[in-house]
Structures are given as C-alpha cells and as structure tokens.
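Right, one structure below, let's go through it.
The values are calculated or read from the model by the stated rules, or taken from the named source; none is laboratory data. Just so we're clear, the structure is a prediction, and the values are computed from it rather than from any experiment. Don't worry about glycine lacking a Cβ; one is built from the backbone with ideal geometry, like all the others, and counts go over all protein chains shown.
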Amino acid sequence: MTQQSDHTQDAQKSGFETRAIHAGYEPDPTTGAVIPPIFATSTYKQDGVGGLRGGYEYSRSANPTRTALEGQLAALEEGERGFAFASGLAAEDTLVRATCKPGDHVVIPNDAYGGTYRLFAKVEQAWGVEITPAPVSDVDAVRAAIRPGQTKIVWLETPTNPLLTIGDVEALAAVAHEAGALLVVDNTFASPYLQQPLTLGADVVVHSTTKYAGGHSDVVGGALVVRELELAEQVAFHQNAIGAVAGPFDAWLVMRGLKTLGVRMDRHCDNAEKVVDLLTGHRGVSQVIYPGLAEHPGHQVATQQMKRYGGMVSFRVAAGEQAALDLCERTRVFTLGESLGGVESLIEHPGRMTHASVAGTDLEVPNDLVRLSVGIETADDLLADLEQALS
Ligand SMILES: *Cc1c(COP(=O)(O)O)cnc(C)c1O
C-alpha cells in the first residue's frame with residue numbers, strides 16, 4: 001500500500017513511547033501537518049484510469065487516517081500489519097471469517113468477555129464453527145480441548161474479564177502450534193504497553209480499542225495485529241470484503257489516545273496498586289482479585305509476561321450480592337457504568353451488568369463480585385471514595 005517513510009521506519013526501531021507518538025505517519029508533505037488530518041472522503045481522484053495516488057481508491061479499502069492508525073498499531077504490537085475496525089467484535093468476526101470455515105473448531109476461554117462468548121455461541125456457531133470453552137490458566141485443559149486437524153484457533157484473553165485469570169502466552173502458543181492452530185490473544189486488558197503477545201509466539205492480537213487504546217471513553221473501535229505476511233493478506237482481503245472498518249474520525253481518536261498509552265497505563269497501574277492495598281484486609285471485602293497479588297494463581301506467569309499488572313481490579317463483597325449492588329450505587333468518583341480503560345474510574349456489578357448474558361452458563365460470575373476500572377484521577381480521591389462507599 002503506502003510506502004513507509006524513513007520517519008516511520010526509524011520510529012519502528014525505537015522505544016515504545018516513541019513508536020506510540022511517531023509510527024504510522026510522517027508530517028503531511030503538502031502542509032507539514034504534524035498530526036494526520038481526518039480524511040473525511042469516501043473516494044479519491046485518479047490520475048488517469050487506475051492511476052491511484054498512494055494506493056488510495058475507496059475508503060472501505062483504505063483511508064489515510066486509518067492507514068496511519070494501522071501503522072501505529074503494528075508498531076506497538078510489533079506485528080507485520082495492523083487493521084482497524086468499527087468495534088472489537090467486528091475485528092473478531094472478521095478474523096474468524098478470514099481463518100475458519102464451517103466445520104472448523106475454536107477453543108475459547110471459559111471466562112471470555114461476554115460479547116466474545118455471544119459472538120461465538122450465537123453467530124459463529126450458527127455459521128457452522130464449533131466451539132469448546134476451556135480454562136486458559138490450565139495449559140493441559142486447553143490441549144485436551146483441541147481437536148487436531150479441526151481446531152483452527154486457540155483463543156486467549158489474558159487477563160480475562162472480569163476474573164483476571166492469566167493464561168501463559170508462550171506455553172499456549174506452543175500447544176496451538178503443535179496442533180496446527182493459530183494462537184489469538186485478546187490484548188484489550190493489558191494493552192501493548194504491558195504485554196506484547198506477538199513477541200511471545202501469538203499469531204494475532206485482538207483489541208477493543210474502545211478501552212485502553214482509545215483511553216478516553218469517546219470512541220468504539222477494534223483492531224487486529226498480525227505477526228506474519230500470509231495471514232495479514234488474508235485479513236486484509238476480509239477487512240475489505242466484509243467492510244466493518246473504522247471511520248476516519250474514529251481512527252483519529254484512537255490514534256490520539258494511543259500516543260499517551262504509556263503514561264496513562266503507568267498511572268492506571270499506580271492507582272490500581274493503591275486501591276488493591278486499601279481493599280486487601282478491609283473487613284467489607286472477602287477477596288481481592290488482582291494479578292499483582294502474590295496469592296493470585298497467575299501471579300508468576302503475569303510477572304513473566306507483563307510489564308505491570310494493569311488497571312483492572314475485581315473484588316468480592318463480604319456481605320453478599322445486595323451489599324455489592326449498594327456499593328456500586330454509593331461511589332461518587334467511580335462512575336457506575338460498563339466499559340473500562342478510560343481516564344475516569346468506573347465501577348460495575350458484572351453479574352447484573354456486563355456479564356448478565358452469561359448467567360446460567362459456564363461463564364457465570366459470583367453475584368457478590370464488583371469490578372473496578374481504576375482511572376487516573378488523584379489516587380487519594382479514589383481511595384476516599386471507596387472507603388466511604390464501603391462503610
Ligand atoms: C469490550 C471488549 C471487547 C469487545 O469490543 P467492542 O469494542 O465493545 O466491540 C472484546 N474483548 C474485550 C476483552 C473487551 O473488554
């Protein structure tokens with residue numbers, strides 16, 4: 001497609017924050033604009049029939065604002081190519097269609113994001129793709145769920161949502177590859193700042209860029225980053241053939257968000273660690289779930305594959321479901337709401353909110369569970385808010 005400039009290539013060799021700020025785009029040759037314009041155009045003037053400028057023909061196939069984001073995503077995940085979609089689920093569906101056909105089989109996490117589970121259970125299964133849920137923290141259980149010759153994808157989320165289970169990317173990549181399957185990692189919770197699955201052997205990374213990548217709760221988007229050229233070409237074909245692409249304004253918002261991902265993630269982690277300290281040992285809390293805690297069953301693996309442990313914290317309320325619901329309504333700085341990964345702190349009750357659709361299935365979550373997306377406000381304000389809501 002568009003040729004990579006020296007600026008972009010230099011950026012790809014540099015540190016994470018430099019790549020976040022410079023990769024994917026060089027100042028516009030005609031105006032010098034430092035930030036990619038929002039190319040609100042569906043089509044492009046051709047210099048004679050087939051004489052495309054920079055490969056641009058029609059904005060479903062490619063749009064310069066989206067190209068900039070896709071280059072930035074590839075640089076951050078250290079993949080061959082990035083692809084931006086209208087939502088995380090649109091990215092997932094495109095990937096399944098690019099890699100599976102009816103009769104194929106996928107192993108999915110038994111505590112996958114609810115929307116991912118629904119996509120596989122209600123849409124991909126109806127299309128003829130079979131699924132088996134397996135616990136991602138148990139390499140042997142994942143191996144046992146694989147059907148050699150039929151399994152095309154081992155799907156991993158780590159940490160998972162909302163129980164923050166950790167899967168070993170390197171070990172699961174080996175298990176998937178042994179069986180001729182791809183390892184796909186949903187890296188939404190960790191973000192590429194904390195974990196780069198492609199460097200640990202995964203074949204594809206999935207993002208809901210709605211979350212930490214966008215980071216400001218102002219856009220819905222998704223992404224795929226692919227490690228190897230051949231699969232990238234299949235995904236590129238399907239991205240255009242299906243057409244669930246990110247629009248230019250959405251691509252621009254995600255790109256702006258990604259520039260500050262490193263500083264935001266460090267503050268999310270700092271604040272989450274302080275929240276975990278407050279909740280641990282609080283008499284209103286029966287269990288704190290955070291991969292940074294030594295007693296978390298995935299702590300060791302998380303320490304190996306993650307830079308830090310992230311901004312998501314889940315905990316169980318000692319007095320049960322009603323107390324958990326009351327708590328969610330009593331916080332003032334933590335906003336009651338779904339989603340995660342924005343600068344503002346959010347609180348929710350997964351059993352009644354994000355995970356209501358998996359009640360009664362293998363993916364059901366405890367009814368006294370509360371999930372926090374710890375934002376980047378002043379830490380003392382977050383702690384005081386939780387303290388008053390718990391008392
Ligand atoms: C939100 C989310 C998705 C789905 O992304 P959308 O942008 O809402 O379509 C997928 N995986 C995880 C882990 C998520 O949190």
Within the range 322-342, restricting to residues that are assigned to a loop (DSSP other than H, G, I, E, B) and farther than 28 Å from Leu119 by Cα, the one that is nearest to the ligand (Cβ to nearest atom) is Phe334
Quick count over the range 111-129, residues being at pLDDT 90 or above and within 15 Å of the ligand (Cβ to nearest atom), is 10
Restricting the range 90-105 to residues that are of a type in the set (A, V, I, L, M, F, W, C) and more than 15 Å from the ligand (Cβ to nearest atom), the one farthest from Leu224 (Cα to Cα) turns out to be Cys100
Of those in the range 264-302 that are among the acidic types (Asp, Glu) and either part of a loop (DSSP other than H, G, I, E, B) or without any contact (Cβ under 8 Å) to a residue 12 or more places away in the chain (or both), the residue surrounded by the most Cβ atoms within 10 Å (Cβ to Cβ) is Asp277
Only one of Ala173, Ala144 is farther than 19 Å from Gly201 by Cβ, part of a helix (DSSP H, G or I), away from the ligand (no atom under 16 Å from the Cβ) and in contact with a strand residue (DSSP E or B) (Cβ under 8 Å, 6 or more places away or on another chain), namely Ala144
By residue number, the members of the range 182-217 that are away from the ligand (no atom under 11 Å from the Cβ) and without any contact (Cβ under 8 Å) to a residue 40 or more places away in the chain are Leu183, Gly201, Asp203
All-but-one check, Val136 against (1) within 27 Å of Val365 (Cα to Cα); (2) assigned to a loop (DSSP other than H, G, I, E, B); (3) touching a residue at least 40 places away in the same chain (Cβ under 8 Å), failing number (3)
request  = Report yes if some residue within the range 183-192 is surrounded by fewer than 21 Cβ atoms within 10 Å (Cβ to Cβ) and out of contact with any Pro (no Cβ under 8 Å at 6 or more places or on another chain); otherwise report no.
outcome  = no
So for the range 348-363 (the condition being more than 16 Å from the ligand (Cβ to nearest atom) and in a helix (DSSP H, G or I)), does at least one residue qualify?
no
